Amino acid sequence: MSEKTFFITTPIYYVNDVPHFGHAYTTVAADALARYQRLRGRDVFFLTGTDEHGQKVAKAAAERGQTPQQYVDVISGAFKRMWERLHVKYDRFIRTSEPEHMALVQKVFARLREQGDISLGEYEGWYCTPCETFLLESELVDGNCPDCGRQVERLKQEAYFLRTSAWGERIRQYIVDHPEFVRPESSRQETLGFIDQGLRDACVTRRALEWDIPVPGDEKHTIYVWFDALLNYLTAAGYLSDEATFARRWPADVQLMGKEILPRFHATTWPAVLMALGLPLPRMLFANGWLLTEDGDKMSKSAGNVVDPVVLAERIARIAGGDADLCADAVRYYLLREISFGQDGRFVSEAVVKRYNADLANDLGNLWHRSAPLLKRYCDGVVPRAEQPTELGAAVAEAAGGLEEQMANLRYREALQDIWAVIRRGNEYIDRRAPWNLAKSGDRPALHTVFYDLCDCLFGLTALLHPFMPAVAERLRGELGVADRAVSWDDCRGGAYPAGTRIAPGKPLFPRIDMKDFAAAAAVVGEPSEGRPAARSVASDEKGVREEAMADTKLISFHEFEKLDLRVGEVLEAEKVPGADKLLKLKVDIGDEQRTMVAGVAEQFAPEELIGKKLVVVANLEPATIRGVESNGMILAATEGRTALALVTVDRDCPNGSPVH
């Protein structure tokens, strides 16, 4: 038999409303794990999808004047589009309205009924319609549903029950004997406590509803949506339809889900079904925490406080003037870097921008956009062969070695911290080795080693970043001149980058964002749900941004232009401003005097590079004190967003102080 497939699942998402950040959190985490396992050479099967039956779905469809099938087709399509925009590469998108799945559910139900694990009885108790959940009196909170807080109703009806209670002790013992089965530890302890309260038999049917799967041989009943949904994993694995495929895929290796559905369903009802069928249990059930709003409330569709991650990424791209695909990766990065997976975390859109500026623009983007211009200047953009051992390649290899343990334990945050330690080391390396000084001294072997080491480091980083930020990794590989080489784990070993390659740097990966500009743009959330107004559409939001930009762009007269005193100034001295990573203090000769000017170009230009350059400066700008230094004038530079790309110079020698018209 061929190697066991690494089988990863997300919960299938209920389609009573559009997808949001909470769904993206779990799915992006699953995608990162799937990409990592593929990178390591594993045969991966990544499953996600939508849960499409139930009372809430039928109600939502009726409110919109649609049939349930029409409605679920629209919402399921919205999930697929979101995953495409967030670069989620699943292997199977399952829908519970598929005939294949409905047939499997009926087969499993019939088998469990025949062997006595499902039997007919009478249910009397509390029921939450929004959550479609049966509840014990002891589970209510102030008489309401413990999950959604809404009013419950008393039901008494004939129903079929799964003998969950018969498997309770065996499930408990399995969890005790296999500490890796339910994770994190807080969820494991919660599940054990839930079992210790006494598992009750689970009600798995209701009175017949048109939009549910019928109980085979009993038209008075349809199958409860939660029982139906859990079986999607078996359908996709090939159970009862493809014996060879099922043998490779089952058991699932990692099943991800929100913590609210773990004890009652995935860690008790689901194992009971599998044990009754004589099937092995999944190797790991991992419950991620809740994504909370800034106020600490759970993000949910019913509360109307959800955020669309795709719209947020597009807004960042518009404000920064950046690439939409790379900004989608910035959102992925935030989700996996900001919160320890398995714990609750607050989502604050401004925090996404802070991560974007600090980690992506200042660290990763800076490493490449400092390296590439120097390489083009001193080696014509062709990466030379190293003539000495490289240290950054070794750092990449070390980080790759640690990534295996981090990913095995779903420690995404820690994995990214380790990767960013390499990126920051690369920036420190540029400062320490000062390639501009090596070029001036004529030490070509050392200069070549530095350039190769930097490009080899970035090449290895594309492999390390691929699971988390696939579009960024692809863009970097293109600019490193290796777009035709498929990403490989071997790229991380150090010394893997092909010397002699010509780089092709483009515009900045992550142009910096001014927080004021971001705050000025209105937040865009998901589609309207009951109780909250409709948000602006993406199209109308884009139109508003364009109109605002046009309103700020005003024509000036020639008389107003003449007020500018533009001159040629020669940089005599340059040094960093203490405590300010972005600022340089310059002494500039503007002809009749020497001026001190502060320029925000320290991330793109070393002080030594500027000495002797003749730049165009604004000489009549009123003085400003910046970080304790009085600046009298301004140098001009071409920018992308707020990132300096090139300084404005003169194309031939001319006297200092020459006017510029």
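For the stretch 587-622, which residues satisfy the criterion of being in contact (Cβ under 8 Å) with a residue 40 or more places away in the chain and of a type in the set (S, T, N, Q)? Residues satisfying the conditions are Gln604, Asn620. Just one of the listed residues (Ala320, Ala267) is crowded, with 23+ Cβ neighbours inside 10 Å, touching a Pro at 6+ places or on another chain (Cβ under 8 Å) and not basic (Lys, Arg), namely Ala320. Taking the condition of being of a type in the set (Gly, Ala, Ser) and either touching a Leu at 6+ places or on another chain (Cβ under 6 Å) or surrounded by fewer than 14 Cβ atoms within 10 Å (Cβ to Cβ) (or both), how many residues in the stretch 195-243 meet it? Of the residues in that region, 5 qualify.
Inside the stretch 103-119, residues that are under 17 Å from Asp212 (Cβ atoms) and assigned to a strand (DSSP E or B) make up a count of 1. Restricting attention to the stretch 624-650, the residues that are among the charged types (D, E, K, R) and either modelled with pLDDT of 80 or more or in the same structural domain as Ala317 (by TED's automatic domain parsing) (or both) add up to 1.
Checked against (1) more than 27 Å from Leu256 (Cβ to Cβ); (2) surrounded by 15 or more Cβ atoms within 10 Å (Cβ to Cβ); (3) of a type in the set (Asp, Glu), Glu139 meets all criteria but (1). For the stretch 209-257, the candidate set comprises residues that are free of Cβ contacts under 8 Å to residues at least 60 places away in the same chain and of a type in the set (Ser, Thr, Tyr); within that set, the residue that is nearest to Arg42 (Cα to Cα) is Thr245.
Under the condition of being hydrophobic (A, V, I, L, M, F, W, C), over 25 Å from the mean Cα position of the chain (by Cα) and crowded, with 17+ Cβ neighbours inside 10 Å, the residues counted in the stretch 48-97 number 5.
Need a quick list: helices (runs of 4 or more DSSP H) entirely within the stretch 1-102 having at least 3 residues that are within 27 Å of Glu404 (Cα to Cα).
Details: elements: 21-39, 55-63, 68-85.
So the answer is 21-39.
Leu438 - would you say it is more than 21 Å from Ala496 (Cα to Cα), of a type outside the set (S, T, N, Q) and at pLDDT 95 or above? Criteria met by Leu438. Of all residues in the stretch 498-510, those that are surrounded by 13 or more Cβ atoms within 10 Å (Cβ to Cβ) have Cβ atoms under 9 Å from Cβ atoms of residues that are among the charged types (D, E, K, R) and at pLDDT below 95, 6 or more apart or on another chain, in Ala499/Arg385; Lys507/Asp323; Lys507/Glu640; Pro508/Glu640; Leu509/Asp323; Phe510/Asp323. The set of residues in the stretch 101-130 that are more than 26 Å from Leu277 (Cβ to Cβ) and surrounded by 12 or more Cβ atoms within 10 Å (Cβ to Cβ) comprises Gly125, Trp126, Tyr127, Cys128, Thr129, Pro130.
Within the stretch 316-339, the residues that satisfy the criterion of being modelled with pLDDT under 95 and more than 30 Å from Cys148 (Cβ to Cβ) are Ile316, Ala317, Arg318, Ile319, Ala320, Gly321, Gly322, Asp323, Ala324. Cβ-Cβ contacts under 7 Å between residues 6 or more apart (or on different chains), taken from a first residue in the stretch 270-287 that is within 21 Å of Ala30 (Cα to Cα) and assigned by TED's automatic domain parsing to the domain that holds Thr191 to a second residue that is surrounded by 22 or more Cβ atoms within 10 Å (Cβ to Cβ) and hydroxyl-bearing (Ser, Thr, Tyr), are listed as Ala287/Ser187.
For first residues located in the stretch 366-385 and assigned to a helix (DSSP H, G or I), partners that are of a type in the set (S, T, N, Q) and lie 6+ apart or on another chain with Cβ distances below 8 Å form the pairs Asn366/Asn427; Leu367/Asn427; His369/Gln604; His369/Thr643; Arg370/Asn427; Arg370/Gln604; Pro373/Gln604.
The values are calculated or read from the model by the stated rules, or taken from the named source; none is laboratory data. None of these values were measured; they are calculated from a predicted model. For neighbour counting, all protein chains shown are included, and Cβ atoms are generated from backbone atoms with ideal geometry for every residue, glycine included.
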